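Beneath this line is the structure, given in structure tokens, with notes to follow.
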């Protein structure tokens, strides 16, 4: 009789564990699907902007189309930055889902947006945002990098025109390797502002003195 009670208790415990496992797995998968959908939507919008930019260049009519390009691009910058926050939370909180593939696509999209902003600036003659490049080692436990990321996050909240483009300095993606080599990044963390590299942790006060706010 006693043995039967223990067997039933064990069976109930296993059922509860399996149920919790399935719920967490479902929530993790749903979060991953939502992030993929958001990323795909941003990529689609960026492709639309690129085509419009090519059209303006083919017509030699960039002046009249630049306001439309600016409006679209500002929205994409805001959406991608918001997605970065959601991806960071998901990466820290996930239990089963692998956010690695989503993160790689995000990093490529982030780099593409940065290069598109450079191209648009050359065509339209003005910059939509003030970019701050932030380099960190992916997968490494870097306390200084965490501190720098928090400072940069508060900076963007205080200075709406500033946008941070975060890139893993140890990435195996060719374009990220090229950007890292372009600036000669050897220290983590490092930030790049106005094409100048600032290795190590930059304080809030130091950063405020380097950007327009």
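Figures for the structure shown
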{"read-out": "Per-peptide average of other Cβ atoms within 10 Å, ordering 125-137, 201-213 highest first", "value": "125-137, 201-213"}
{"read-out": "Overall form of the stretch 112-200 per C-alpha gyration tensor (a/c, 1.5; a/b vs b/c)", "value": "oblate"}
{"read-out": "Cβ-Cβ FRET estimate between residue 170 and residue 147, R0 fixed at 25 Å, reported to 0.05", "value": "0.85"}
{"read-out": "Spin-label pair residue 51/residue 70, simplified geometry with 7 Å Cα→Cβ offset, distance in nm", "value": "2.4 nm"}
{"read-out": "Length added when fully stretched, residue 197-residue 41, from 0.36 nm per residue minus Cα-Cα", "value": "52.9 nm"}
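We did not get these values from a lab; they are worked out from the coordinates using the rules stated. Here the structure is a predicted model, which means the values were calculated and not measured. For neighbour counting, all protein chains shown are included, and Cβ atoms are generated from backbone atoms with ideal geometry for every residue, glycine included.
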